[in-house]
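Novice: Would you mind keeping the following structure in view while I ask a few things?
The values are calculated or read from the model by the stated rules, or taken from the named source; none is laboratory data. Since we're looking at a predicted model, the values are computed, not measured. Neighbour counts are summed over all protein chains in view; Cβ atoms, including those assigned to glycine, are modelled from backbone coordinates with ideal geometry. Ligands, DNA and RNA are excluded from the accessible area calculation, which covers all protein heavy atoms including side chains. Shrake-Rupley method; radii C 1.70, N 1.55, O 1.52, S 1.80 Å.
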Amino acid sequence: MFNKTMVSAVLGLAFFSHNAQAAEPIIIKFSHVVAPNTPKGQAAERFKQLAEKMTAGRVKVQVYPNSQLYKDKEELEALQLGAVQMLAPSLAKFGPVGVKEFEIFDMPYLFQDKVALRKVTDGPIGQKLLAKLDKTGIKGLAYWDNGFKIMTANKPIIQPDDMRGLKLRIQSSKVLEAQMRAFNALPQNMAFSEVYQALQTGVVDGTENTPSNIYTQKVHEVQTNMTLSNHGYVGYAVVVNKKFWDGLPADIRASLERALKETTVYNNTIAQKDNDDAIAAMKATGKVAFHTPTPQERQAWMAKLKPVEKDMASRVGAGLIQEINQATRRK
Ligand code: LMR
């Protein structure tokens, strides 16, 4: 039988362990697939610093770069299961969790520049798209930039026909698949962490990505030609596990929102420079031949890719394309 002393000892222990628990920091595991010295890699580290500072250590952020924990598709599943709390997948990767509208960002030549892009991401369209994640157990918090894509191969890529028959790695997006098919190329959906080896062994002949992603994956070691085509965009949705996020104490959530806001400004400030520096660094190796399309060549690429928009309208929503065109004043 319990006597009075034993009961108060047990209660005391329970109280102590409850308090010890309350003092434990909240852990945010932030997983991503790129190198630490990319825009997203640096932004993840910046978020960690700001979040820990602004919550006075009540939150600890653990950043796992380079697909250390999960590859492209797995990381979204892990987020839904709560095995990690935060990610920033490329907008091209949300189709497998059932939000295919984000693939609109993969539409070739959709944005003339970052000003046009911001009109979408910073406005009601951007918010509406993030809200579509709610039903998947994921909460969308912000957009982070990377930049515009270039094309790589082991031969000069000048005209759209130069890609005919090439096996080209893509992210999981159906819009990107349609884009490569429009070139009469063979799209190969593959995780980011597998790209270098696939290029090295000839499993694929080429790829598209931002210069910072290409450089930090050492693609320039296994590709001889790059075309500065800027034919599409790579950006990210910063996302959290919704249940985790909604369950946070309100003051913590407010501090994290502040940290994220500051990080977004930081990310979007460094992204362009990172990409410019990556091109300069690859040029300096002297191993890659770079081609900048002439206005006529650009027109030829645009004409070749024009049907993609119509083909993919039913997937991403014809209304959404129209809304974006209106917001960006694209004809
Ligand atoms: C890719 O998979 O090609 C990239 O979008 C990876 C990333 O997160 O930038």
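Novice: If L11 satisfies every condition in (1) modelled with pLDDT of 95 or more; (2) farther than 30 Å from I321 by Cβ; (3) away from the ligand (no atom under 14 Å from the Cβ) but one, which is the exception?
Specialist: Exception for L11: condition (1).
Novice: On to the next question. Output yes when any residue across the range 30-48 is more than 19 Å from Y266 (Cα to Cα), at pLDDT 55 or above and open to solvent by 60 Å² or more (accessible area, probe 1.4 Å), and no when none is.
Specialist: No, there is no match, as no residue in the range 30-48 is more than 19 Å from Y266 (Cα to Cα), at pLDDT 55 or above and open to solvent by 60 Å² or more (accessible area, probe 1.4 Å).
Novice: Counting only residues that are open to solvent by less than 10 Å² (accessible area, probe 1.4 Å) and part of a helix (DSSP H, G or I), which one in the range 88-108 is farthest from the ligand (Cβ to nearest atom)?
Specialist: If we take residues in the range 88-108 being open to solvent by less than 10 Å² (accessible area, probe 1.4 Å) and part of a helix (DSSP H, G or I), then I104 is farthest from the ligand (Cβ to nearest atom).
Novice: How many of the residues in the range 153-187 are open to solvent by 60 Å² or more (accessible area, probe 1.4 Å), more than 17 Å from Y233 (Cβ to Cβ) and within 16 Å of the ligand (Cβ to nearest atom)?
Specialist: 1
Rundown of residues vs (1) assigned to a loop (DSSP other than H, G, I, E, B); (2) surrounded by 24 or more Cβ atoms within 10 Å (Cβ to Cβ); (3) modelled with pLDDT under 95, yes/no style:
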residue: A198; (1), (2), (3): no, no, no
residue: M226; (1), (2), (3): no, yes, no
residue: S229; (1), (2), (3): yes, no, no
residue: A237; (1), (2), (3): no, yes, no
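Novice: Does G202 fit the bill of being small (G, A, S), open to solvent by less than 10 Å² (accessible area, probe 1.4 Å) and more than 17 Å from the chain's Cα centre (by Cα)?
Specialist: no
Novice: Further, regarding this structure: State which residue pairs qualify: first residue under 19 Å from E103 (Cβ atoms) and open to solvent by less than 50 Å² (accessible area, probe 1.4 Å) and inside the range 289-310, second residue assigned to a helix (DSSP H, G or I) and not basic (K, R) in any location, beta carbons under 8 Å apart, and separation of 6 or more residues or different chains.
Specialist: L305/P160; L305/Q179; L305/A182; V308/V175; V308/A178; V308/Q179; V308/A182; E309/I321
Novice: Now a separate question. Within the range 128-144, does at least one residue satisfy the condition of being within 12 Å of the ligand (Cβ to nearest atom) and touching a strand residue (DSSP E or B) at 6+ places or on another chain (Cβ under 7 Å)?
Specialist: The answer is yes; a qualifying residue exists.
Novice: Still on this structure, I have one more. Give F192, F244 a once-over and let me know the one that is more than 16 Å from the ligand (Cβ to nearest atom) and among the hydrophobic types (A, V, I, L, M, F, W, C).
Specialist: The conditions single out F244.
Novice: Going by the structure shown, is Q112 in a helix (DSSP H, G or I) and closer than 23 Å to L320 by Cβ?
Specialist: no
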